[in-house]
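Here's the structure, in C-alpha cells; my notes come after.
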Amino acid sequence: MAFKLTISGASASYGAVRALENVTLNVQQGETVVLLGTNGNGKSTLMKCLMGLVRPTAGTITLEADGVTHDLTKIATEDIVALGVALVPEGRRLFSKLTVEENLMLGAYRKEARPAIARNLAFAYEAFPILAERRTQLAGTMSGGQQQMLAIGRAMMSSPRLLLVDEPSVGLSPLLVSQTITKIGELRQKFGLTVLMAEQNFQQAVRIADRGYIIVHGSIAYEGKSVEDLKTNPLVKQLYLGAVA
Amino acid sequence: MRGNGFWLAAAAFISAAYGLTVFATNDYVFFAGYIILQFMVLATAWNILGGYAGYVNFGTNAFFGLGVYTAVFMAKAFGAPLLLQILVAGLVGAVLGFAVGLLTLRMHGIFFSIATIAMSIIIETFIINWKFVGGASGVQLLRPPPTAPFDSYIRMLFVIAAVMVVLAVAVARYVQNSWIGRGLRAVRDDEIAAECTGVPTLQLKLLACSISGFFLCAMGAPAAMYLQYADPASAFNLNYSVSALAMSLIGGTAHWIGPLLGALLLASTQQLLTVTISSEVNVLVLGLMLVLFVVGAPDGLIGLYRRFFKPKSSDPSGGSSAP
C-alpha cells in the first residue's frame, strides 16, 4: 500500500531558460502537500515534469507504488496516468468543443480505468451535481467555476491515487476559489487521495494542506513541516503579505 | 439495431451498384459514377485524420498519385491483377501515412499542412524522374479483359469503387464510435490535455494517419486502369487534395456521413457541370460552394441538420448545443 512521490535534485529548462533548479520534494501517501509560489516560479513546470510532459535535465522523479519504484522521467505520460497519477491542469484545459460527459469519459481513457466508468461517473455527478445537469452541454460554454469542477471531475475519472492540482484558483472569483479548495479537501477525505497542489493563494491553500513548500525562481526556498510553520515563516510574509525582508 | 441497419444499407448499396451494371445500357453512367464513388472514398479517408483528429492533410494528392503509380509499377513489373494492385497500394499508403504521422510529433496546424504539401511535391518529383513508370510524359496502360461476372471493365471498376466506399465508411464509422474516435476528438480539441488524461496521442495519430493513408492510396490504384493512362501531373493533381478537404468540410467533419454527403453533392454537381457547361466551371463551383458553406454553415450539412432537427440526446461527436 505504500505510495510515495519523491523528487530529488530535479532541474528543467525550456531551451536556455532555466525553469527548475535542483528541486527536492516528497509527498507521502495520504498527505496534502501544497507548493506555494507566485507566477513564473516553476510550479507548473514541476507539474509537467511529474506528468512526463517536460523532461527534467537532471535529477530523479520516482513514484513508489506497492513496493515497486517507477522512474517517472523515463515513462510515457499515459503510463504515468496508469500508475494512478492525475493532473488538473492549470487553466483547466477542458475539451471545450466536447460535451461535459465526453470530457468525463476522456478522463477514463486508459483501459485500466474503463471498467470503473459507470461508478466514477456516478461519483463525479454526485460530487458535482451541476455537471449532471449539464452533461450534454459543451464544456467551453460553461462558467469558469463549473469548468474547474469539470476539470477536477475529469481527473477523478481515472481513479487516481495521487491528484496533482495546478493552480485551481486561476480565473475564479474568491468565493469560487474557496469552494474549489473545499471540494478538493472533501474528495481527498472521501477517496483517501494523496494531493499535491500548486497554488499562489496562500490563505486558501493552507486550509486543506498538511504541509508545504515554497518555490522561488525554480528552487525550493523553504520547506514547511506544518501549516503553522508556513504561516509563521518570514518568507511567506515577504512574498504574500508585502513585508520587506 | 443501428449496426444492422448500417450493414443492410451497405449491402443494398453494393447490390444496387451491381444491379446497375447489369441493367444500365449507357456506359457513361459508370464513367461518371466511378468518379463520384472515388471522391466518396477520398473524402471519407481524409476525414479520419483531418476531421476527427483535426490534422489538415493537404497531401491527398501525394497518397492518390502514389496509389496510381503503385498500380502502374505492379502492372508493368509483375502483371499483377487489379485487386492485388489495390491492396499493395493500400499498404504503401499506410506506410506513407505512418511517416506523415511521425511528422505530427513536431508539427501542428498550418505547419503540418505545409509539410504535407512539400511531401507531395517530393514524391511527384521522384516519379517524374523514374523512367520505368513513364517519367514526366506518362505511361499508356492496356486494360486486361474484365473478370467474370463482368463483361465490361468500366462496370467492374464501378463495382470495385462501390465496395471500397463501403469498406472506407465502415472503418471510418468504427473509428468514430470507438475509443479511438473519442481519443482523436480529444487530440483535436486540446492535445496536451488529451495527453494528461492518458490518451496515447502519438499512437492514435499514427493509427489515424495509417488508416487514412491506406484508403487514399488504395483509391489511386484503380484510377490507372480507369484512365488507361498515368502521368505525374494528373495523378498528383492538387485538385484531389482540395476536393477531399472541401467535400469533408461541406458535408461536415464530425460524423462519417458528412464526407459521404459532401462528396455526393460536390462530385455529382461537378460531373453535371462538366457535361452541361465545361470542365473549368466545376472548379469555380467548388470554390463558391466552399465559401458559401464556410460562411453559412461552418459545421457543414451535418451542422445544418443539427440546427434544424435538434437531437434530444447528445451525439458522441458533440453538436452545437449551446444553451
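So B:A89 fits all but one of (1) more than 30 Å from B:T276 (Cβ to Cβ); (2) in contact with a Pro (Cβ under 6 Å, 6 or more places away or on another chain); (3) open to solvent by less than 10 Å² (accessible area, probe 1.4 Å); what number is the exception?
Every listed condition holds for B:A89 apart from (2).
Among all residue pairs at least 6 apart or on different chains, which show Cβ distances below 8 Å where the first residue, located in the stretch B:109-121, is over 9 Å from B:F58 (Cα atoms) and the second is open to solvent by less than 20 Å² (accessible area, probe 1.4 Å) and assigned to a helix (DSSP H, G or I)?
B:M119/B:A62; B:M119/B:V100
Under 21 Å from B:T253 (Cβ atoms), of a type in the set (A, V, I, L, M, F, W, C) and open to solvent by less than 40 Å² (accessible area, probe 1.4 Å): which single residue out of A:L87, A:L106 fits that description? Talk me through it step by step, then tell me what you get.
Details: A:L87 fails: under 21 Å from B:T253 (Cβ atoms).
Going through A:L87, A:L106 in turn, just one is under 21 Å from B:T253 (Cβ atoms), of a type in the set (A, V, I, L, M, F, W, C) and open to solvent by less than 40 Å² (accessible area, probe 1.4 Å): A:L106.
Only one residue in A:G171, A:G185 is out of contact with any Ser or Thr (no Cβ under 8 Å at 6 or more places or on another chain), more than 13 Å from chain B (Cβ to nearest Cβ) and in contact (Cβ under 8 Å) with a residue 60 or more places away in the chain. Which one? I'd like the intermediate steps shown before the answer.
Details: A:G185 fails: out of contact with any Ser or Thr (no Cβ under 8 Å at 6 or more places or on another chain).
Every option except A:G171 fails the conditions.
Would you confirm whether any residue within the stretch B:99-118 is under 19 Å from B:L84 (Cβ atoms) and not acidic (D, E)? Break it down stepwise before answering.
Pass one, the stretch B:99-118, residues under 19 Å from B:L84 (Cβ atoms): none.
So far as the stretch B:99-118 goes, no, none of its residues is under 19 Å from B:L84 (Cβ atoms) and not acidic (D, E).
Being of a type in the set (S, T, N, Q) and open to solvent by 50 Å² or more (accessible area, probe 1.4 Å) is the filter; apply it to the stretch A:214-245 and report the residue that is modelled with the highest pLDDT.
Ranking the candidates gives A:T232 first.
If you take the residues in the stretch A:62-81 that are under 17 Å from the mean Cα position of the chain (by Cα) and touching a residue at least 60 places away in the same chain (Cβ under 8 Å), which one is nearest to the other protein chains (Cβ to nearest Cβ)?
It comes out as A:V81.
Looking only at the stretch A:121-146, count how many residues are within 23 Å of A:E90 (Cβ to Cβ) and in a helix (DSSP H, G or I).
10
Does the stretch A:119-138 hold any residues that are within 22 Å of B:E195 (Cα to Cα) and more than 9 Å from chain B (Cβ to nearest Cβ), and which are they?
Across the stretch A:119-138, the qualifying residues are A:N120, A:L121, A:A124.
Within the stretch A:45-61, is even one residue away from every other protein chain (no Cβ under 14 Å) and either part of a helix (DSSP H, G or I) or within 17 Å of A:V165 (Cβ to Cβ) (or both)?
The answer is yes, given that some residue of the stretch A:45-61 is away from every other protein chain (no Cβ under 14 Å) and either part of a helix (DSSP H, G or I) or within 17 Å of A:V165 (Cβ to Cβ) (or both).
In the stretch A:198-210, what residues are more than 16 Å from A:V23 (Cβ to Cβ), open to solvent by less than 40 Å² (accessible area, probe 1.4 Å) and not polar (S, T, N, Q)? Reasoning before the result, please.
If we filter the stretch A:198-210 for residues that are more than 16 Å from A:V23 (Cβ to Cβ), which is where we start, we get A:199-210.
From the residues that got through so far, the ones that are open to solvent by less than 40 Å² (accessible area, probe 1.4 Å) too are A:199, A:202, A:204-206, A:208-209.
Once the filter is applied, which keeps residues that are more than 16 Å from A:V23 (Cβ to Cβ), open to solvent by less than 40 Å² (accessible area, probe 1.4 Å) and not polar (S, T, N, Q), the stretch A:198-210 yields A:E199, A:F202, A:A205, A:V206, A:I208, A:A209.
Can you name the number of the only condition in (1) modelled with pLDDT under 95; (2) open to solvent by less than 10 Å² (accessible area, probe 1.4 Å); (3) β-branched (V, I, T) that B:T60 fails?
Failed condition: (1).
Go through the stretch B:153-170 and count every residue that is open to solvent by 20 Å² or more (accessible area, probe 1.4 Å) and under 14 Å from B:A221 (Cβ atoms).
3
Take the residues in the stretch B:292-320 that are farther than 23 Å from B:I48 by Cα and modelled with pLDDT under 80; name whichever of them is farthest from the other protein chains (Cβ to nearest Cβ).
Looking only at the stretch B:292-320, we keep the residues that are farther than 23 Å from B:I48 by Cα, and these are B:292, B:295-296, B:307-313.
Of the ones still in play, those that are also modelled with pLDDT under 80 are B:310-313.
Values: B:K310: 11, B:P311: 9, B:K312: 9, B:S313: 7 Å.
If we take residues in the stretch B:292-320 being farther than 23 Å from B:I48 by Cα and modelled with pLDDT under 80, then B:K310 is farthest from the other protein chains (Cβ to nearest Cβ).
Could you figure out which of (1) surrounded by fewer than 19 Cβ atoms within 10 Å (Cβ to Cβ); (2) in a loop (DSSP other than H, G, I, E, B); (3) within 14 Å of chain A (Cβ to nearest Cβ) isn't true of B:A148?
The single condition B:A148 does not satisfy is (3).
I'd like the full set of residues that are basic (K, R) and either more than 13 Å from chain B (Cβ to nearest Cβ) or part of a loop (DSSP other than H, G, I, E, B) (or both), limited to the stretch A:107-118.
Scanning the stretch A:107-118 gives a single hit, A:R110.
May I ask you to say which residue of A:Q179, A:Q204 is in contact with a helix residue (DSSP H, G or I) (Cβ under 6 Å, 6 or more places away or on another chain) and polar (S, T, N, Q)?
That would be A:Q204, the only listed residue that is in contact with a helix residue (DSSP H, G or I) (Cβ under 6 Å, 6 or more places away or on another chain) and polar (S, T, N, Q).
For the stretch A:15-44, enumerate the residues that are open to solvent by 20 Å² or more (accessible area, probe 1.4 Å) and part of a loop (DSSP other than H, G, I, E, B). Give the derivation first.
Narrowing the stretch A:15-44 to residues open to solvent by 20 Å² or more (accessible area, probe 1.4 Å): A:15-18, A:21-22, A:24, A:26, A:28-31, A:38-40, A:44.
Residues satisfying the conditions are A:G15, A:A16, A:Q29, A:G30, A:E31, A:T38, A:N39, A:G40.
Pick out the one residue from B:G5, B:G50 that is farther than 24 Å from B:L272 by Cβ, in a helix (DSSP H, G or I), open to solvent by less than 30 Å² (accessible area, probe 1.4 Å) and of a type in the set (G, A, S). Step through it out loud before you land on a result.
On the way: B:G5 fails: open to solvent by less than 30 Å² (accessible area, probe 1.4 Å).
Within the list B:G5, B:G50, the selection yields B:G50.
Filter the stretch B:175-198 down to residues that are of a type in the set (G, A, S) and open to solvent by less than 10 Å² (accessible area, probe 1.4 Å) and give me whichever is farthest from the other protein chains (Cβ to nearest Cβ).
Within the stretch B:175-198, the match that is farthest from the other protein chains (Cβ to nearest Cβ) is B:G181.
So is A:F95 among the aromatic types (F, W, Y) and not in a loop (DSSP other than H, G, I, E, B) or not?
Taking the combined requirement at face value, the residue does not satisfy it.
Has the stretch B:284-291 got any residue that is modelled with pLDDT of 85 or more and either surrounded by fewer than 17 Cβ atoms within 10 Å (Cβ to Cβ) or under 25 Å from A:M142 (Cβ atoms) (or both)?
Yes; the residues of the stretch B:284-291 include at least one that is modelled with pLDDT of 85 or more and either surrounded by fewer than 17 Cβ atoms within 10 Å (Cβ to Cβ) or under 25 Å from A:M142 (Cβ atoms) (or both).
Could you count how many residues in the stretch B:201-242 are open to solvent by 20 Å² or more (accessible area, probe 1.4 Å), more than 10 Å from B:G97 (Cβ to Cβ) and either modelled with pLDDT of 95 or more or not acidic (D, E) (or both)?
13
Given the conditions (1) open to solvent by less than 20 Å² (accessible area, probe 1.4 Å); (2) away from chain A (no Cβ under 14 Å), which single one is not true for B:L142?
(1)
The values are calculated or read from the model by the stated rules, or taken from the named source; none is laboratory data. Just so it is clear, the structure is predicted and the values come from calculations on it, not from any experiment. Ideal geometry is used to build each Cβ from the backbone, glycine not excepted, and the neighbour counts take in all protein chains shown. These area figures cover heavy atoms from the full protein model, side chains too; ligands, DNA and RNA do not enter into them. Shrake-Rupley method; radii C 1.70, N 1.55, O 1.52, S 1.80 Å.
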